Each structure stands twice: as structure tokens, then as C-alpha cells.
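Some notes on the structure that comes next.
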Amino acid sequence: MANIRMENKDLILEVDLSDLQIFVDEATMNFGKYKNEIAVIYEKMPKFDYKYFCFYAYSTYRLLEAAMDFDTAEVGHFRLEAPEEFYYAFYGMIQTLHTQGMAQAS
């Protein structure tokens, strides 16, 4: 279960596999809002071995903000801490959403 805490000036978002459904629900309910973000994550995340991807550097954190109900404007920076398998499962979700979005566009 997700845990959000402050450490120094960073918001730490601790998640595990059980939290993926929250991201799936938010992304599918509001796909149009996140489709560009999903495309960037889809393209860039593998280049960072998945687990080292920086959501903040690519401005791809809005889905995380909405799903976990936090606002980076209030904290300035956040760090995602998760078991390794979470990142691969998260990317699988992104890949599926991206593929479905491309199919709908054509």
C-alpha cells in the first residue's frame, strides 16, 4: 500500500505492486489528459533501465500526482521508491496504454 512522507525537502512516494491498479484506473479514466505523458514514458523509460527513470526530469509526473493525490507544486520535488518489479509492471501498463492509444488514433 502506498505511503507518502516528507524527508528533508523531498516528498517520498513509496509504492508496491498492489498500487498499480490506482495508476491503471486514473490513466484509463483520463487517457486524453495523460496520452502525451504516457508516450514520453513509453519512449524514455527503457533507456533508464526502467527503475532509474526520472519522472520529474521529463515532466511526466501528473499521472502519479493524480493517482496518489499529491502536488509537486507544494513540495518542489518527489522521489518514487518501489521494488524493482513495480517499475517493470508499471512500464507494462504504460506500454499497453500507449499501444491502445495508437490503435485508437489510426
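Here, each number is a calculation from the coordinates, and none is a lab measurement. Owing to the predicted nature of the structure, the values given are computational and were not obtained by experimental measurement. Cβ: placed from backbone, ideal geometry, glycine included. Neighbour counts: every protein chain shown.
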- If one takes the longest principal axis of the Cα atoms in the chain, at what angle in degrees, from 0 to 90 and to the nearest 10, does the Cα axis of helix 20-29 lie? 50
- Using a Förster distance of 41 angstrom, determine the FRET efficiency expected from the C-beta separation of Met1 and Ala57, and round it to 0.05. 0.90
- Task: Could you name the lysines whose alpha carbon sits less than 27 Å from that of Lys33, not counting residues in the same chain fewer than 8 places away?
- Result: Lys44, Lys47, Lys51
- Message: With angles folded into 0 to 90 degrees, how steeply does helix 84-105 sit against the dominant principal axis of the chain? Use alpha carbons for both and round to 10.
- Response: 40
- Query: Relative to the longest principal axis of the chain, what angle (0 to 90°, nearest 10) does the C-alpha long axis of helix 31-44 take?
  - Reply: 80
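Kindly provide the trypsin sites (Lys or Arg not before Pro) of the range 3-106 that DSSP labels as loop, not H, G, I, E or B, and whose Cβ sees at most 14 other Cβ atoms within 10 Å. Kindly include the intermediate steps, with their values, before the conclusion.
Details: sites: Arg5, Lys9, Lys33, Lys35, Lys44, Lys47, Lys51, Arg62, Arg79; in loops: Lys9, Lys51.
Loop-located and lightly packed - Lys9.
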- Query: How much length, in nm to one decimal, is gained on full extension between Asp69 and Lys47, taken as 0.36 nm per residue of separation minus their Cα-Cα distance?
  - Reply: 5.2 nm
- Query: Out of these labelled values of Kirkwood radius over Cα pairs in Å, (1) 16.6; (2) 18.3; (3) 14.0, which was calculated from the coordinates shown here?
  - Reply: (3)
- Item | Residue-wise HN-Hα coupling along the range 6-17, computed from phi with Karplus coefficients 6.51, -1.76, 1.60 (Hz; x: Gly, Pro) | 9, 9, 6, 10, 9, 8, 9, 10, 9, 9, 9, 4
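Can you tell me the relative contact order of the range 3-98? Whole percent, Cα pairs under 8 Å, sequence separation 6 or more.
Numbers: 99 pairs, mean separation 43.7, N = 96.
In percent, rounded to a whole number, it is 45.
How much of the DSSP bridge set in the chain is antiparallel, in percent, rounded to the nearest 5? Working shown, then result.
Numbers: 5 of 9 bridges.
Percentage antiparallel, nearest 5: 55.
Please list, by residue number, every one of the chymotrypsin sites (Phe, Trp or Tyr not before Pro) in the range 1-66 that is coil in DSSP and has at most 12 other beta-carbon atoms within 10 Å. Could you put the intermediate results ahead of the total?
Details: sites: Phe23, Phe31, Tyr34, Tyr42, Phe48, Tyr50, Tyr52, Phe53, Phe55, Tyr56, Tyr58, Tyr61; in loops: Tyr50, Tyr52, Phe53, Phe55, Tyr56, Tyr58, Tyr61.
The qualifying sites are Tyr52.
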